[in-house]
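Note sheet for the following structure.
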Amino acid sequence: MVLYGYTIGDSDSNPNVAGTQFAVYRFPISPFGSTPQLVGRINAANIQNNDLEGLGTNPATGRVSAVNEARASGSTATIDPTIVRVNNVDQPFAPASASPTRSPSDSRRFGFDSGADFGRDISSTGTVLSTNVLYNISGNNTTSNGVPVGSSLYEITVPTTGGGVVTLVDQFGAATTTAQRQGTAPTNPGKFADGLAIDNLTPGRTRALASDFTNTDETTGDTTRNNLYKVDLLTGELSAPIVLRNSSGQPLNLNADSGLAFTNLSGSTQRLLALLETGQVYEITGFQDELSASGLSLGTATGVNGAGFATATLLGTVNLPSASTGAIDYEGFTIVNE
């Protein structure tokens, strides 16, 4: 068995064919210098918001699904007209689009960027259920897109047939507002995330992390640039930032969209990896203390603004077509043991 990473490009990979063709690539987790394999292409003709930025691996089936971003690229008015979950983009490649039903019917996802991963369903009492669901985090890191900065967490049920049901996960703080439900405001203001990874080796409501590799100020006075956030899968709440630093102990200073994934490999030390849109792969260590802390509190380590911290180390670069030039971005990331 070998660990493979999967990602999807966000631009047309085959201009000779009518319509937009998003290429799905597969590459071994190590070494990263090898040439990635083209698994297949997804025809985006029926996907209105066709940036497939959220990728997750179902631990029950080993198959990969993708979720489109919440808004059309560059649009400040179009709020998630179609939620699409694209199934089985791994190998063997057999994509099938299934759009989940909104609950309530006026729900819309928030944000311009998106991350996703499968996890256990969490009941209203916090009990971990056996059912797998696809969690999706969406956010927006710039006010130029016309919406407040922040993130929201969503849950997509995964039935044996059909597209499932999508709901906003928001059971913390004040009651959910109409703006939050209809996708014009986040449930976690001031906290932007576009990567999501869930620890399926040790399931639990707070065994999940979201990532942000942008180095822009997200709120006035923000000095935490590249961050992780602990995620409560029951309430949708993000923790205080867990500051990412380099191996020298300095704050990480990257500025790229990204995907986040656990190896979820039984019988092995759990690893957390991030794929930047440029093809760079970072391993994150030191997250264990933060992830093991009870609730959404952080560990004993002190970082910027009193937050915890973790270390990100560059492992290598995946030679994805046109990634180095920025012509094609690769923002989704998941890991499969094949």
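The values are calculated or read from the model by the stated rules, or taken from the named source; none is laboratory data. Values in this document were obtained by computation on a predicted structure and should not be read as measured data. Methodologically, a virtual Cβ is constructed for each residue, glycine included, from the backbone with ideal geometry; neighbour enumeration extends over all protein chains shown. SASA here: full protein model, heavy atoms, side chains in, ligands and nucleic acids out. Shrake-Rupley method; radii C 1.70, N 1.55, O 1.52, S 1.80 Å.
Below, the figures for the structure above:
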| read-out | value |
| --- | --- |
| Some residue of the stretch 92-110 being of a type outside the set (D, E, K, R), crowded, with 24+ Cβ neighbours inside 10 Å and touching a Gly at 6+ places or on another chain (Cβ under 7 Å) | yes |
| Candidate set: the stretch 132-175, residues that are under 17 Å from ALA98 (Cβ atoms) and polar (S, T, N, Q); chosen: the one surrounded by the fewest Cβ atoms within 10 Å (Cβ to Cβ) | THR160 |
| Pair list, Cβ under 6 Å, 6 or more apart: the stretch 168-193 residue on the phi > 0 side of the Ramachandran plot and free of Cβ contacts under 8 Å to residues at least 60 places away in the same chain, other residue open to solvent by 50 Å² or more (accessible area, probe 1.4 Å) and in a loop (DSSP other than H, G, I, E, B) | GLY190/THR219 |
| Some residue of the stretch 284-295 being assigned to a strand (DSSP E or B), crowded, with 16+ Cβ neighbours inside 10 Å and modelled with pLDDT of 80 or more | yes |
| Candidate set: the stretch 176-205, residues that are in a loop (DSSP other than H, G, I, E, B) and touching a Leu at 6+ places or on another chain (Cβ under 6 Å); chosen: the one surrounded by the fewest Cβ atoms within 10 Å (Cβ to Cβ) | ARG205 |
| Matching residues, the stretch 100-126, being in contact with a strand residue (DSSP E or B) (Cβ under 9 Å, 6 or more places away or on another chain), over 23 Å from GLY332 (Cβ atoms) and modelled with pLDDT under 90 | ILE122, SER123 |
| Checking ARG71 against (1) of a type in the set (Lys, Arg); (2) closer than 30 Å to PHE27 by Cα; (3) modelled with pLDDT of 85 or more, the condition it does not meet | (3) |
| Scope the stretch 252-281; condition under 23 Å from LEU320 (Cβ atoms), without any contact (Cβ under 8 Å) to a residue 60 or more places away in the chain and either open to solvent by less than 20 Å² (accessible area, probe 1.4 Å) or of a type in the set (Ser, Thr, Tyr) (or both); matching residues | ALA256, THR278, GLY279 |
| Residue selected from the stretch 4-25 under the condition open to solvent by 30 Å² or more (accessible area, probe 1.4 Å) and under 19 Å from the mean Cα position of the chain (by Cα), by the criterion farthest from GLY56 (Cα to Cα) | SER11 |
| Selection from the stretch 226-261 of residues that are charged (D, E, K, R) and touching an Asp or Glu at 6+ places or on another chain (Cβ under 9 Å) | LYS230, GLU237, ASP257 |
| Identity of the residue in the stretch 131-173, more than 17 Å from PHE110 (Cα to Cα) and touching a strand residue (DSSP E or B) at 6+ places or on another chain (Cβ under 7 Å), that ends up modelled with the lowest pLDDT | GLY162 |
| Residues that are open to solvent by 60 Å² or more (accessible area, probe 1.4 Å), touching a residue at least 12 places away in the same chain (Cβ under 8 Å) and part of a loop (DSSP other than H, G, I, E, B), drawn from the stretch 231-251 | GLU237, SER247 |
| Only listed residue being closer than 21 Å to GLY5 by Cβ and not in a loop (DSSP other than H, G, I, E, B), chosen from LEU254, LEU273, LEU265 | LEU273 |
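Residue-by-condition table, conditions (1) in contact with a Ser or Thr (Cβ under 7 Å, 6 or more places away or on another chain); (2) part of a strand (DSSP E or B); (3) among the basic types (Lys, Arg); (4) modelled with pLDDT under 85:
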| position | (1), (2), (3), (4) |
| --- | --- |
| GLY19 | no, no, no, yes |
| VAL24 | no, yes, no, no |
| GLY33 | no, no, no, yes |
| ASN50 | yes, no, no, yes |
